[in-house]
Amino acid sequence: MALPRGAPAAPARRAVEATLLVWGFADGAADALLVTTELVQNIAQHTPSGGELRLLLQPASILIEAVDADPTLPQLRDLDVHRAGGRGLLLVAAVSLTWGCRNTTWEGHAGKVIWAELALPGNGSIDMPPNTRSVPDGRPDENRDSGVSGTLLA
């Protein structure tokens, strides 16, 4: 899903929620929606040219990726009760099985991908639906192109 610069998080949340419904997860989407909000807000506030949101279904987890053309990697900060912002990655870390970031190329520019792996809503693993792609060990495939193949967000 393309994210224009300054785009609000609500349309991305609706797209993620709709995709999770297609995948059969009517309940338990709160963590995915929280992560989506935080990653989209980071793109809206801190990147010069917008970005892209990807949602990938894996056998035992959901991978959410936010890609943009700003190569500056975010820093997880200590909680400061006197600061208005700066809690997004703390929230992502709190609800994710694992998360991370790395430099990449997006739309021909040096950029980054921030990703979070979430437990599937409910218990256990699933049989993969057609037209989805599993990424081994929950981390973005560094050799994958910058297209959106393997995602149900378009």
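When A15, A44 are checked against the criterion of being surrounded by fewer than 20 Cβ atoms within 10 Å (Cβ to Cβ), aliphatic (A, V, I, L, M) and touching a Pro at 6+ places or on another chain (Cβ under 9 Å), A44 stands alone in meeting it. Set side by side, the residues G138, G51, G150 differ, and just one is modelled with pLDDT under 70, crowded, with 17+ Cβ neighbours inside 10 Å and in contact with a Phe, Trp or Tyr (Cβ under 9 Å, 6 or more places away or on another chain), which is G138. Residues of region 54-75 that are buried (at least 17 other Cβ atoms within 10 Å of the Cβ), out of contact with any helix residue (DSSP H, G or I) (no Cβ under 7 Å at 6 or more places or on another chain) and not acidic (D, E): R54, L56, L57, V67, A69.
Of all residues in region 1-40, those that are farther than 19 Å from S61 by Cβ and among the acidic types (D, E) total 0. Residues in region 99-125 that are surrounded by 16 or more Cβ atoms within 10 Å (Cβ to Cβ) and part of a loop (DSSP other than H, G, I, E, B) were compared, and the one that is modelled with the highest pLDDT is L120. Against the condition of a type in the set (D, E) and in contact (Cβ under 8 Å) with a residue 40 or more places away in the chain, how does E38 come out, does it pass? So E38 fits the description; yes. Considering each residue of region 76-87 in turn, none proves to be at pLDDT 90 or above and either under 23 Å from T105 (Cβ atoms) or surrounded by fewer than 12 Cβ atoms within 10 Å (Cβ to Cβ) (or both).
The values are calculated or read from the model by the stated rules, or taken from the named source; none is laboratory data. Note that the coordinates shown come from a computational prediction; the quantities given were computed from them, not determined experimentally. All Cβ positions, even for glycine, are placed from backbone atoms using ideal geometry, and neighbour counts span all protein chains on display.
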